[in-house]
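Values in this text are rule-based calculations from the coordinates and carry no lab data. If you're wondering where the values come from, they're calculated on a predicted model, not measured in any experiment. Positions of Cβ are backbone-derived with ideal geometry, glycine not excepted, and every protein chain shown enters the neighbour counts.
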Amino acid sequence: MRLTVNGEEKRLPHVKNVAELVAHYKLEDKLVVVEIDGDVVDRSEWQSMELQEGMSIELVHFVGGG
Amino acid sequence: MMNDDFVIADVKLKSRLFLGTGRFANPTVQNEAIAASGTEVLTFAIRRVNLQEPNEDGILQHLDLDRFRFLPNTSGAKTAEEAVRIARLARASGISNWIKVEICANDKTLLPDPVETLKATEQLVKEGFVALPYTSDDPILCKHLEEAGAAAVMPGASPIGTGLGVLNPYNLSLIVEEANVPVIVDAGIGSAKDVVEAMELGVDGVLLNTAVAEAKDPAKMAKAMKLAVEAGRYSYLAGRIEKRRYAKASSSTTGYLSK
């Protein structure tokens, strides 16, 4: 699977859905939010949301800020 | 303090100090400062996870989530559209539907873009967010933001991170006079003196970050800010004396021992 994750081109052959992508980066226990092609994907949909070739995915989290 | 509730979007807050979480040396220093500040509202930013180090600490791992309200910001956005996108991501975390609208189009001053800030606020209110826009200290713009449904308006004292303090007390006092929503001075605070000055103008609260995070002793400065917010609020409510050009004796002017 060829994906763009956080702006970087990635080849992730074993990743089929959002939950697996999140697990690939070991982020499943963290407060991360997923966006695909500009739309937020709720945590409840991570398992059912299948990834497609060429999708642009953002994995974001909270950092310090004022 | 009797009948002096500080309410934002039906939430009653005990502390009038909002604290940012950027630029602290480490989580221990940050938590000491948060505790000393007495704040109930913490601000954050949203950024990409670093895929090379996905396990590096997220800011929230070191905090007791039940004790605070979270006010994520839209920093990094240069347009209303980008701010709305960041706000949706922040809300999807499930920790808050409050959003600090922050749209800076000039990298040198980080001053808020008034047109985009108003557009974003209108949109976010439509989408059910509790929107608290960081804005220029312009009374007319603050009125427009209020009319757009902002839960509070947050004019800057001076540019972010400068510590220049309150540059335009006249404008801030006009904003206070006109506003029907809470006014929170956001950005530019350098020390406790600036906080007292802002609070004495009648603003409802203060949001600051760098002044505490980069103080030599952040926890001590956080305590100073807490006391300054309270001192300034009491002073405002008490009503200060008129300024006089010449002295006025504080004791009786009769009964002097010598003539």
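What fraction of the DSSP beta bridges in the protein assembly as shown is antiparallel, stated in percent and rounded to the nearest 5? Show your work: numbers first, answer last.
On the way: 21 of 45 bridges.
In the protein assembly as shown, DSSP labels about 45 percent of beta bridges as antiparallel.
Helix content alone sets the calculated 222 nm mean residue ellipticity of chain A: runs of n ≥ 4 DSSP H residues at -39500 (n - 2.57) each, divided across all residues, give -2500 deg cm²/dmol. Can you tell me the FRET efficiency between A:LYS26 and B:ILE241 if r is taken as the Cβ-Cβ distance and R0 is 51 Å, rounded to the nearest 0.05? So, using R0 = 51 Å, E works out to roughly 0.25.
Given their separation in residues at 0.36 nm each and the Cα-Cα distance between them, B:GLU81 and B:GLN61 gain 4.3 nm when the chain is fully extended.
In order along region B:186-203, phi translates into HN-Hα couplings of 10, 5, x, 5, x, 8, 4, 4, 5, 5, 4, 4, 5, 5, 5, 6, x, 5 Hz, rounded to whole numbers, per the Karplus curve 6.51 cos²θ - 1.76 cosθ + 1.60 with θ = phi - 60° and x for Gly and Pro. Couplings 3J(HN,Hα) of region B:139-147, computed from phi: x, 6, 4, 4, 5, 4, 5, 4, 5 Hz, in residue order, whole Hz [Karplus 6.51 cos²θ - 1.76 cosθ + 1.60, θ = phi - 60°; x for Gly and Pro]. Loop-located GluC sites (Glu not before Pro) in region A:1-65 (DSSP state not H, G, I, E or B) with no more than 15 neighbouring Cβ atoms inside 10 Å: A:GLU28, A:GLU53. The spread of Cα positions in region A:2-60, taken along each principal axis and listed from longest to shortest, comes to 24, 23, 19 Å.
Sort B:HIS62, A:HIS61 so that the residue with the fewest other Cβ atoms within 10 Å of its own Cβ comes first and the one with the most comes last.
Working: B:HIS62 14, A:HIS61 24.
The order, fewest Cβ neighbours first, is B:HIS62, A:HIS61.
Shielding value for A:40-47 is 2, the average number of Cβ atoms from other chains within 10 Å of each residue's Cβ. All Cα-Cα distances of the protein assembly as shown, cut into 20 Å bins from zero to the largest, leave 31, 51, 15, 3, 1, 0 percent in each bin in turn.
In units of 2.2 N^0.38 Å, what is the alpha-carbon radius of gyration of region B:27-71?
On the way: Rg = 12.0 Å, N = 45, 2.2 N^0.38 = 9.3 Å.
Taking N as the residue count of region B:27-71, the ratio is 1.29.
The gain in end-to-end length when the B:ILE140 to B:ASN180 segment is fully stretched comes to 13.1 nm, 0.36 nm per residue minus the alpha carbon separation. Computed over chain B, relative contact order equals 19 percent, with contacts defined as Cα pairs under 8 Å that lie 6+ residues apart.
Could you state the orientation-averaged shadow area of the convex hull built on the Cα atoms of region B:6-238, in nm² to one decimal? If you can, show how the numbers build up before the last one.
Values: hull surface 47.5 nm².
Convex hull of Cα atoms, orientation-averaged projection: 11.9 nm².
Averaging Cα coordinates gives a centre for region B:34-102 and one for region B:135-195; these two points are 22 Å apart. Mean partner shielding of peptide B:16-23, defined as the number of other chain Cβ atoms within 10 Å of each residue Cβ, is 2. Most simply put, region A:2-60 has about 85% antiparallel DSSP beta bridges, counting only bridges with both residues inside it. Once backbone amide H atoms are built at 1.01 Å from N, A:ASN6 has A:ILE57, A:GLU58, A:LEU59 as its partners under 5 Å, excluding neighbours fewer than 5 places away on the same chain. Averaged over peptide B:43-53, the number of partner chain Cβ atoms lying within 10 Å of each residue's Cβ comes to 6.
How would region B:1-130 be classified by its alpha-carbon gyration tensor: rounded, prolate or oblate, with rounded meaning a/c under 1.5 and the a/b versus b/c comparison settling the rest? It is oblate, given that a/c is not under 1.5 and a/b is not larger than b/c.
Of all beta bridges that DSSP places with both ends in chain B, some 15 percent have antiparallel geometry.
For region B:112-259, what class follows from the C-alpha gyration tensor (a ≥ b ≥ c being the square roots of its eigenvalues): rounded when a/c is under 1.5, otherwise prolate if a/b is larger than b/c, else oblate?
Numbers: a/c = 2.90, a/b = 1.83, b/c = 1.58.
Verdict is prolate for region B:112-259.
When the trypsin sites (Lys or Arg not before Pro) in chain A are filtered for DSSP coil states and for at most 14 other beta-carbon atoms within 10 Å of their beta-carbon, the remaining sites are A:LYS16, A:LYS26.
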